[in-house]
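Colleague: Take a look at the following structure, please.
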Amino acid sequence: MLVITRHRVPGAAAPADADAEVAFPFGTEHPLTAQARHCLEALAERPGFVRGWVGRAADEPGLVVLTTEWDDVGSWRRALSPVDVRVAALPFLGTAIDEPTAFIIDTVAGAGAVDDATPPGRDAGQ
């Protein structure tokens, strides 16, 4: 399962604004990067966490994304329960753009192959 949250820097220029790149040029620390990293570090300690990324939109530098991969939906939900995770993650997650964030993986691709995803809790042979 993937959880993808997008965050806009308060006051960041819209993508049509030519000053957007000037405000947050690539190669400099983004204002939300430290918060996103702190959130990712807290989530990474939880059971069921697979991996995660923090990134910025290539065409809209005022937009930050936190993507995490989990064994299943339950792992993600349980990860948010401990107080230390709430303290570290929720201030950042609370700034997410209001849109769907949890996605079940249906198809996966590797080098040279695309396959249907194995349903959680089942072996590929079942």
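FYI, it's all coordinate maths here, none of it is from the lab. Keep in mind that this is a model prediction, so the values were computed, not measured. No Cβ is skipped: glycine too gets one built from the backbone with ideal geometry, and neighbour counts run over all protein chains shown.
Colleague: Before we move on, is Val114 touching a strand residue (DSSP E or B) at 6+ places or on another chain (Cβ under 8 Å), surrounded by fewer than 12 Cβ atoms within 10 Å (Cβ to Cβ) and more than 18 Å from His7 (Cα to Cα)? Reasoning before the result, please.
Modeller: Working: touching a strand residue (DSSP E or B) at 6+ places or on another chain (Cβ under 8 Å): yes; surrounded by fewer than 12 Cβ atoms within 10 Å (Cβ to Cβ): yes; more than 18 Å from His7 (Cα to Cα): yes.
The answer is yes for Val114.
Colleague: Somewhere in the range 88-97, is a residue touching a Lys or Arg at 6+ places or on another chain (Cβ under 7 Å) and loosely packed, with under 12 Cβ neighbours inside 10 Å?
Modeller: Narrowing the range 88-97 to residues touching a Lys or Arg at 6+ places or on another chain (Cβ under 7 Å): 96-97.
Narrowing further to those that are loosely packed, with under 12 Cβ neighbours inside 10 Å: 97.
Scanning the range 88-97 turns up at least one residue that is touching a Lys or Arg at 6+ places or on another chain (Cβ under 7 Å) and loosely packed, with under 12 Cβ neighbours inside 10 Å.
Colleague: Those residues that are small (Gly, Ala, Ser) and more than 17 Å from the chain's Cα centre (by Cα), I need them from the range 75-93; list them, please.
Modeller: Looking only at the range 75-93, we keep the residues that are small (Gly, Ala, Ser), and these are 75, 79, 81, 88-89.
Within the range 75-93, just Ser81 meets the criteria.
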